[in-house]
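A.B. asks: Please read through the structure below; I'll follow up with questions.
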Amino acid sequence: MTYRILGISGSPVKKGNVETLLSLAMKGLPVKNIQQETVHLSGLKIQDCIHCNFCLTKQKPGKYCSLKDDAQSVFEKAEAADIIVLASPVYFMRTSARMAAMIDRLRVFVFGNLTAGRMKNKIGVSMAVSWLRQGGIETTHLTHILAFLTLEMIPASVHKGISPLGASAHASTLGSGEVDLYEMSGIESDEAGLQSAKLIMRRALELNRLMHR
């Protein structure tokens, strides 16, 4: 059986810390029977949900929402995935605006006349990158986890990976908050943070296998 993993990056920075965390987490997985894809919200136009309720009664194949933007492609990739990873930088102690907008648009899988319930029992993984050691990582995870619970997904957790809530890493040296204008990928020196991502992805695969027995 092939397992499909969709990573969604909520960072505006290309090849930055969040993208690095996602990439290295995926590389730590066994290659056999796994398909991986990452969506970068920075390269997409995702509008805010306007609660027009189109999705309640008017959905049809290929059109889950009234808004004309790039969300439909993400909906379809999420629907096809077994494991969904929400990875975001920490902004003001919470997930990024891009990620928040995407989460709100997932409302189509809660109320949609075609798609309601299609996220049920998929495995959800949260990843967060903060500048400071105590700079909002866990509150960012909680945003992602509450989305998973609303969608009736199963959040993955692992005790040994810094925080049971999700993969957790910091972008400044030792999480000190020291600024280095020449260092664009400080996360690569956070060995514990990178390991937390690998550990929770292995746990997600374990949960997914259990679900498909």
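The values are calculated or read from the model by the stated rules, or taken from the named source; none is laboratory data. Keep in mind it's a predicted model, so treat the numbers as computed, not measured. Heads up, the Cβs are rebuilt from the backbone with ideal geometry, glycines too, and the neighbour counts pull from every protein chain shown.
A.B. asks: Please verify whether SER88 is at negative phi and either assigned to a loop (DSSP other than H, G, I, E, B) or out of contact with any strand residue (DSSP E or B) (no Cβ under 7 Å at 6 or more places or on another chain) (or both), treating the condition exactly as stated.
C.D. replies: The answer is no for SER88.
A.B. asks: SER9 - would you say it is touching a residue at least 12 places away in the same chain (Cβ under 8 Å) and crowded, with 22+ Cβ neighbours inside 10 Å?
C.D. replies: So SER9 fits the description; yes.
A.B. asks: Suppose we filter segment 116-158 for residues that are closer than 20 Å to THR20 by Cα and without any contact (Cβ under 8 Å) to a residue 12 or more places away in the chain; how many remain?
C.D. replies: Qualifying residue count, segment 116-158: 0.
A.B. asks: Quick check on segment 24-37: of everything there that is under 16 Å from the mean Cα position of the chain (by Cα) and buried (at least 16 other Cβ atoms within 10 Å of the Cβ), which residue is farthest from SER189 (Cα to Cα)?
C.D. replies: Result: GLN36.
A.B. asks: Still on this model: So which residues in segment 1-49 are more than 23 Å from ALA100 (Cβ to Cβ), of a type outside the set (Val, Ile, Thr) and in a loop (DSSP other than H, G, I, E, B), if there are any at all?
C.D. replies: Across segment 1-49, the qualifying residues are MET1, GLY28, LEU29, PRO30, LYS32, ASN33.
A.B. asks: In addition: Tell me, yes or no, whether segment 168-183 has at least one residue that is crowded, with 21+ Cβ neighbours inside 10 Å, modelled with pLDDT of 90 or more, not charged (D, E, K, R) and not in a helix (DSSP H, G or I).
C.D. replies: Taking every residue of segment 168-183 in turn, at least one turns out to be crowded, with 21+ Cβ neighbours inside 10 Å, modelled with pLDDT of 90 or more, not charged (D, E, K, R) and not in a helix (DSSP H, G or I).
A.B. asks: Sticking with this one: Kindly evaluate PHE92 against the criterion of being at pLDDT below 95 and either under 22 Å from ARG203 (Cα atoms) or not charged (D, E, K, R) (or both).
C.D. replies: yes
A.B. asks: Considering each residue of segment 5-35, count those that are touching a Lys or Arg at 6+ places or on another chain (Cβ under 9 Å) and among the aliphatic types (A, V, I, L, M), and give that number.
C.D. replies: Residues that pass the stated criteria total 6.
A.B. asks: Name every residue in segment 57-74 that is assigned to a helix (DSSP H, G or I) and either among the acidic types (Asp, Glu) or buried (at least 21 other Cβ atoms within 10 Å of the Cβ) (or both), in order of residue number. Talk me through it step by step, then tell me what you get.
C.D. replies: Initially, segment 57-74 is screened for residues assigned to a helix (DSSP H, G or I), giving 57, 71-74.
Once the filter is applied, which keeps residues that are assigned to a helix (DSSP H, G or I) and either among the acidic types (Asp, Glu) or buried (at least 21 other Cβ atoms within 10 Å of the Cβ) (or both), segment 57-74 yields only ALA71.
A.B. asks: How about segment 195-204: which of its residues are surrounded by 21 or more Cβ atoms within 10 Å (Cβ to Cβ) and not polar (S, T, N, Q)?
C.D. replies: Our first condition is that a residue be surrounded by 21 or more Cβ atoms within 10 Å (Cβ to Cβ); within segment 195-204, this holds for 196-197, 200-201, 204.
Hits for segment 195-204 are ALA197, ILE200, MET201, ALA204.
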